[in-house]
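Encoded as structure tokens, the structure appears first; notes follow it.
The values are calculated or read from the model by the stated rules, or taken from the named source; none is laboratory data. All figures in this text were calculated on a predicted structure; none of them were measured in a lab. All Cβ positions, even for glycine, are placed from backbone atoms using ideal geometry, and neighbour counts span all protein chains on display. Ligands, DNA and RNA are stripped out before the accessible areas are found, and what is left, the full protein with its side chains, is counted by its heavy atoms. Shrake-Rupley method; radii C 1.70, N 1.55, O 1.52, S 1.80 Å.
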Amino acid sequence: MNIAIVGATGNVGRKTLEVLEKKELPFDNLYLVASSKSEGQKIIFKGKDHEVLNLENFDFSKVKIAFFAAGKKISEKFAEKAAKHCLVIDNSSFFRMDPDVPLIVPQVNSSHLDQIKKNIIANPNCSTAQLVIACKPLHDLFVIKRIVVSTYQSVSGGGKAPMDELIEQTKLVLDGKNVKSKNFTKQIAFNAIPHIDVFADDGYTKEELKMSKETKKNFR
Ligand SMILES: NC(=O)c1ccc[n+]([C@@H]2O[C@H](COP(=O)([O-])OP(=O)(O)OC[C@H]3O[C@@H](n4cnc5c(N)ncnc54)[C@H](OP(=O)(O)O)[C@@H]3O)[C@@H](O)[C@H]2O)c1
């Protein structure tokens, strides 16, 4: 069995590699895939160099499972094409509410795996995944009607670019210089911003809406 990780150079991709290394899951070849920018870069996995391949010309018929962790636009463009050849496990938000794609947290609803229709499995938002694991046993016992949630999320949740911005801004602030924000609405160094993702028409942010909708789908 061969595996591909699309977005292997990013935060989720690198974490997936770490888990694959720690859990010692059995597979033959590992293909690390990212954008043309990273093509040819070397990533060490289990002491061996792996060259990063360009998604644009990657052949998914070589693998049995492809983890997608390159954002929703990439999943929109490539996941269904890949799913013609292999099982896609998608970390982005693109397929989460698709009725033909199960939204799986293994500890909670692996029984939904029998609903795979497009050869794609979606994962919930990271806050949702933690929430449903804690709440599912209570839901099974009492049937939860309402959950009030506050999350305190790290900059890493936004990906590699916001993390780089935090490092840059921290240096500038410590040097007494002015900062400019690129990935956030305000300075993020030495700060906490009560706002994630864009606002929808009803005043909630998309991050808040994701949590609410995905929890319901996961508990269904
Ligand atoms: N961070 C989290 O805690 C978290 C948790 C759960 C789910 N997610 C979701 O997982 C996905 C990835 O998040 P992340 O935090 O890992 O983002 P990230 O650190 O910004 O990494 C993005 C990855 O996508 C690749 N990529 C970007 N454009 C590409 C293209 N045109 N073709 C091929 N590859 C491309 C990047 O490759 P290059 O390096 O070559 O640009 C990089 O490997 C997002 O959908 C996110 O919402 C994130």
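Of all the listed residues (Lys73, Lys77, Lys81), the sole one being under 15 Å from the mean Cα position of the chain (by Cα) and part of a helix (DSSP H, G or I) is Lys73. Touching a residue at least 60 places away in the same chain (Cβ under 8 Å) and of a type outside the set (S, T, N, Q): which single residue out of Phe45, Phe68 fits that description? None of the other options fit; the residue is Phe68. If you go through region 122-139 and keep only what is open to solvent by less than 20 Å² (accessible area, probe 1.4 Å) and in contact with a Leu (Cβ under 8 Å, 6 or more places away or on another chain), you end up with Ala122, Pro124. For the condition among the aliphatic types (A, V, I, L, M) and near the ligand (Cβ under 8 Å from one of its atoms), Val6 qualifies. Among the residues making up region 198-218, those that are in contact with a Lys or Arg (Cβ under 7 Å, 6 or more places away or on another chain) and under 24 Å from Ile144 (Cβ atoms) are Ala200, Glu214.
Residue check: Ser75 meets all listed conditions (1) of a type in the set (Ser, Thr, Tyr); (2) more than 15 Å from the ligand (Cβ to nearest atom); (3) under 30 Å from Phe219 (Cβ atoms) but one, namely (2). The set of residues from region 26-37 being within 14 Å of Ala4 (Cβ to Cβ) and either free of Cβ contacts under 8 Å to residues at least 12 places away in the same chain or within 11 Å of the ligand (Cβ to nearest atom) (or both) comprises Leu32, Val33, Ala34.
With respect to being closer than 22 Å to Glu207 by Cα, open to solvent by 20 Å² or more (accessible area, probe 1.4 Å) and among the charged types (D, E, K, R), Lys81 falls outside the description.
Reported count of residues in region 151-172, each being hydroxyl-bearing (Ser, Thr, Tyr) and farther than 20 Å from Ser93 by Cα, is 1. Would you point out the residue of region 142-166, among those that are aliphatic (A, V, I, L, M) and open to solvent by 90 Å² or more (accessible area, probe 1.4 Å), that is farthest from the ligand (Cβ to nearest atom)? Checking each candidate, the answer is Val143.
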